[in-house]
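See structure below.
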Number of protein chains: 2
Amino acid sequence: MAKNFLHNYPDLLCLGKADQYVDEICDMFNQNKIFGGFDYDEAKILCGYMQCYAAPRGYKVMNEGDEGDFMLLVLSGEVVVRKNMDGMDNQYLVEVKAGGVVGEMGFVDSNVRFASCVTTMPTDFAVMTRATLNDLLLQHPRMANKLLLKLLQVMGARIRETVTRLIPEHFGVTK
Amino acid sequence: MAKNFLHNYPDLLCLGKADQYVDEICDMFNQNKIFGGFDYDEAKILCGYMQCYAAPRGYKVMNEGDEGDFMLLVLSGEVVVRKNMDGMDNQYLVEVKAGGVVGEMGFVDSNVRFASCVTTMPTDFAVMTRATLNDLLLQHPRMANKLLLKLLQVMGARIRETVTRLIPEHFGVTK
Ligand SMILES: Nc1ncnc2c1ncn2[C@@H]1O[C@@H]2COP(=O)(O)O[C@H]2[C@H]1O
Ligand SMILES: Nc1ncnc2c1ncn2[C@@H]1O[C@@H]2COP(=O)(O)O[C@H]2[C@H]1O
């Protein structure tokens, strides 16, 4: 599966399995634990399913309109999300810092990338592919429960943030 | 759990367990099956976890800013989603028809309702509470994963729709 990913990004530096980032990943998944968080041993198992990579500044990890079967957990650094609007390319949507996720939208429904994601500084991330998630669903369904609940919280926060920050103009509200 | 819900909506007509809606619920969960859909028997089990209700036209099933530990699967009818913006109350965001979901945002992270939801016609829905989801997570983790993947797809579609329809003005694009 990692091959699947590297195939499109042959110039990225592979940092190996995510095992060395268990603490970071554990923290990431324990921010809102209303359905029970990950303990260290679970995070370790989850990390065994992911490969990590280091990208330089200005690296496009996702391109709007492309197919893509993976999502990225940002371990350090930052990614900026930009989208083409009618006649105005590359408009800023949001930035995603360490502890955040990008690519989860295409990851869960196999639509093409809705926006482009580019690193704004040297950035390390863990890759989860759809094949990995399928393995996790089969082999560790309860851990998959926690991962998916976490992604739901990420997406909910995204909807709130998008509407709150970007929409007032739609209704003629001046800030 | 159903009590939990009816407590705040004592005037709603309870239609009983969702068992009579297995076909509708099966269809709802089988629209994008990249991780495997629900079969009829699974949908039946899931339906055993939910109660159904009938609301008249103009009924506010969710009020922006309120706490709420449930989400609704719309079985028939329609719900309109509206939000207060600075100085402009009750602005239209979207409508949700049969086969759609509302309230999943607060349901998964226990934040207050981000918008209000009002029926635009007589509307039947199935209620899933956080307690129900907890039971499902414990008793049927694999089915819970299918439910969560479905909710992720709903939310992803919501982000795409919100950005595409409402945001161009933010960037000064005139439609
Ligand atoms: N409005 C938004 N707010 C935050 N992140 C977004 C937004 N739109 C898209 N993204 C992110 O950009 C990613 C582009 O690829 P995906 O569509 O797979 O998944 C997307 C999200 O992770
Ligand atoms: N931008 C949006 N597009 C579609 N539905 C929304 C949007 N914002 C909020 N909602 C729905 O309105 C519901 C209000 O309660 P919740 O915040 O729990 O969950 C919310 C979603 O189901």
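The values are calculated or read from the model by the stated rules, or taken from the named source; none is laboratory data. Small disclaimer: the values here were computed from a predicted structure and weren't measured. Because the Cβ atoms are built from the backbone with ideal geometry, glycine has one as well, and the counts that use them run over all protein chains shown. In case anyone asks, the SASA skips ligands and DNA or RNA and just uses the protein heavy atoms, side chains included. Shrake-Rupley method; radii C 1.70, N 1.55, O 1.52, S 1.80 Å.
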Cα centre as origin, Lys/Arg/Asp/Glu Cβ charges: the protein assembly as shown dipole, Debye:
200 debye
at B:Lys60 the sorted inter-copy label distances (label 7 Å from Cα on Cβ side), in nanometres, are 4.7
Which residue, chosen from B:Met121, B:Ala157, B:Phe29, occupies the Cα position most advanced towards the positive end of the dipole of chain B, where the dipole is computed from +1 (Lys, Arg) and -1 (Asp, Glu) charges on Cβ about the Cα centre?
B:Ala157
Interchain or sequence-distant (5+) residues whose placed amide H lies within less than 5 Å of the amide H of A:Leu15 are A:Cys52, A:Tyr53, A:Ala54
Peptide B:135-148, shielding by other chains (average Cβ, 10 Å cutoff):
4
Rounded to the nearest 500, what is the 222 nm mean residue ellipticity of chain A from helices alone, with -39500 (n - 2.57) per DSSP H run of 4+ residues and division by all residues?
-10500 deg cm²/dmol
With all protein chains present, calculate the accessible area of A:Val96 using a 1.4 Å probe and round the result to the nearest 10 Å².
10 Å²
If the only charges are +1 at each Lys and Arg Cβ and -1 at each Asp and Glu Cβ, what is the size of the charge dipole of chain A around the Cα centre, to the nearest 20 debye?
280 debye
Work out the charge dipole of the protein assembly as shown with +1 on the Cβ of Lys and Arg and -1 on the Cβ of Asp and Glu about the Cα centre, then indicate which of B:Asn8, A:Gly16, B:Gly58 is farthest towards its positive end.
B:Gly58
List the distances, in nm and shortest first, from the label point of A:Asn8 to the matching label points in every other copy, placing each point 7 Å from Cα along the Cα-to-Cβ direction.
4.0
For the full complex of protein chains and a 1.4 angstrom probe, list A:Glu104, A:Glu78, B:Glu64 by accessible area with the highest value first.
B:Glu64, A:Glu78, A:Glu104
Violations at 23 Å Cα threshold for listed pairs A:Lys83/B:Lys146; A:Lys17/B:Lys150; A:Lys150/B:Lys17; A:Lys44/A:Lys150; A:Lys150/B:Lys83; A:Lys60/A:Lys146 -> A:Lys83/B:Lys146; A:Lys17/B:Lys150; A:Lys150/B:Lys17; A:Lys150/B:Lys83; A:Lys60/A:Lys146
Could you tell me the accessible area of A:Lys17 in Å² (1.4 Å probe, neighbours in place), rounded to the nearest ten?
100 Å²
Shape category assigned to the protein assembly as shown from the gyration tensor of Cα positions, a/c cut at 1.5
oblate
Label points 7 Å out from Cα along the Cβ direction at A:Leu138 and B:Asp27: separation in nm?
3.2 nm
May I ask you to rank A:Tyr40, B:Tyr59, A:Tyr53 by accessible area, largest first, using a 1.4 Å probe over the protein chains only?
A:Tyr40, B:Tyr59, A:Tyr53
